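The values are calculated or read from the model by the stated rules, or taken from the named source; none is laboratory data. What you see is a predicted model, and the numbers here were worked out from it, not measured in a lab. Please note: Cβ atoms are built from the backbone with ideal geometry, for glycine as well, and neighbour counts cover all protein chains shown. Protein only, heavy atoms only, side chains kept; ligands, DNA and RNA dropped before computing areas. Shrake-Rupley method; radii C 1.70, N 1.55, O 1.52, S 1.80 Å.
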Amino acid sequence: EWQLLPSSSFSDWRLEKNPVSGFLTLIKNLTANHQVNQEQLMRGGGIAIIGSLLQTIQPSLIDVNVLMASQLFVELATSSRQTKMLHQFHLSILFDFRIWSRSEFHLQIGHIQYLATLIMADRKYFRKKFGVQFQLDVIRQHYTDSPTSVLTKEDNKTIRAALLGLVKFFLQKEVNAKEVSAITNFTFYFRKTIILDEVLEVLLGHLESRTARDQMFLLLLEPRVMDLAYCLLLDEG
């Protein structure tokens, strides 16, 4: 006899085609509505271990199914109000670019778009751990057109633009001195490169927009910040 399967079963079947997404789906199903399993997963450092393993697998296995399985896991942790498990998943898997930066370009874009959706829904929460400094560090570590990069220079530029877009989003509200310092140090580090032009374009675009706050201008006029700016202007390039 025919049996009508729920949509979640169909999704699981699709995700199980990839061993990595299938494994993440298995962990999700084992912890769904099971308090003891959730606590054991967190207590044993299970999510951190999974994240370390994901850094070592073949890049071809990091595909859209893995991203989808990650999204479903986030939805589970959110709906079950397991904030500790959700934070561990963010830290060890979802925001760990050592995993995602090895995948195909289209997946990297999809991954960043998903991160942007989460960040824009809760700016205050994500700002603490994955704010301006974090986004700039991701660019520095993974998207600087290094010889080991798996992407073309044009693709790297597109990724940088997406990450700098998140930086601009954070600057639109409650900007602080640490964030401005992170930006100025970043620009000084990448002087004489195309990345400097990209950062300055985003920064100037923000300052000229209606979302720029007085606090941003005041912080940029601080002595140490101005000194760095003068150094950039006086650099022969």
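Just checking, does the range 202-209 include any residue being among the charged types (D, E, K, R), in contact (Cβ under 8 Å) with a residue 40 or more places away in the chain and either open to solvent by less than 60 Å² (accessible area, probe 1.4 Å) or not in a helix (DSSP H, G or I) (or both)?
If we filter the range 202-209 for residues that are among the charged types (D, E, K, R), which is where we start, we get 208.
Going one step further and asking which of them are in contact (Cβ under 8 Å) with a residue 40 or more places away in the chain, we end up with none.
Within the range 202-209 (the criterion being among the charged types (D, E, K, R), in contact (Cβ under 8 Å) with a residue 40 or more places away in the chain and either open to solvent by less than 60 Å² (accessible area, probe 1.4 Å) or not in a helix (DSSP H, G or I) (or both)), the answer is no, since none of the residues qualifies.
What number of residues within the range 37-81 satisfy the criterion of being within 19 Å of HIS106 (Cβ to Cβ), in contact (Cβ under 8 Å) with a residue 24 or more places away in the chain and not aliphatic (A, V, I, L, M)? Total meeting the criteria: 5.
Can you pull out the residues in the range 6-33 that are surrounded by 19 or more Cβ atoms within 10 Å (Cβ to Cβ) and either of a type in the set (Gly, Ala, Ser) or modelled with pLDDT under 80 (or both)? Matches in the range 6-33: ASP12, SER21.
Those residues that are among the hydrophobic types (A, V, I, L, M, F, W, C) and either modelled with pLDDT under 90 or touching a strand residue (DSSP E or B) at 6+ places or on another chain (Cβ under 6 Å) (or both), I need them from the range 190-210; list them, please.
Scanning the range 190-210 gives PHE190, LEU196, LEU200, LEU203, LEU204, LEU207.
Within the range 34-56, restricting attention to residues that are open to solvent by 90 Å² or more (accessible area, probe 1.4 Å) and of a type in the set (Val, Ile, Thr), the residue that is nearest to LEU76 (Cα to Cα) is ILE49. Taking the range 115-143 as the range and being in contact with a Ser or Thr (Cβ under 8 Å, 6 or more places away or on another chain) and either free of Cβ contacts under 8 Å to residues at least 12 places away in the same chain or among the hydroxyl-bearing types (Ser, Thr, Tyr) (or both) as the test, only TYR143 passes.
Scanning for something under 16 Å from the mean Cα position of the chain (by Cα), within 26 Å of THR83 (Cα to Cα) and touching a residue at least 12 places away in the same chain (Cβ under 8 Å), does the range 148-163 turn up at least one residue? So far as the range 148-163 goes, yes, one or more of its residues are under 16 Å from the mean Cα position of the chain (by Cα), within 26 Å of THR83 (Cα to Cα) and touching a residue at least 12 places away in the same chain (Cβ under 8 Å).
Counting just the residues of the range 210-230 that are in a helix (DSSP H, G or I) and within 22 Å of ARG127 (Cβ to Cβ), which one comes out most open to solvent (accessible area, probe 1.4 Å)?
Pass one, the range 210-230, residues in a helix (DSSP H, G or I): 214-220, 223-230.
Going one step further and asking which of them are within 22 Å of ARG127 (Cβ to Cβ), we end up with 214-220, 225.
Working: ASP214: 120, GLN215: 88, MET216: 2, PHE217: 84, LEU218: 103, LEU219: 18, LEU220: 33, VAL225: 22 Å².
Of everything passing the filter in the range 210-230, ASP214 is most open to solvent (accessible area, probe 1.4 Å).
Note on the range 117-168: residues that are out of contact with any Asp or Glu (no Cβ under 9 Å at 6 or more places or on another chain), in a helix (DSSP H, G or I) and open to solvent by 20 Å² or more (accessible area, probe 1.4 Å) amount to 18. Filtered by the rule that a residue be within 18 Å of LEU204 (Cβ to Cβ), in a helix (DSSP H, G or I), of a type in the set (A, V, I, L, M, F, W, C) and open to solvent by 10 Å² or more (accessible area, probe 1.4 Å), the range 169-180 gives a lone residue, PHE169.
Each row is one residue, and each column tells you yes or no for (1) out of contact with any His (no Cβ under 9 Å at 6 or more places or on another chain); (2) closer than 15 Å to TYR189 by Cα.
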site: PHE134; (1), (2): yes, no
site: GLN141; (1), (2): yes, yes
site: SER149; (1), (2): no, no
site: ASN156; (1), (2): no, no
site: VAL175; (1), (2): yes, no
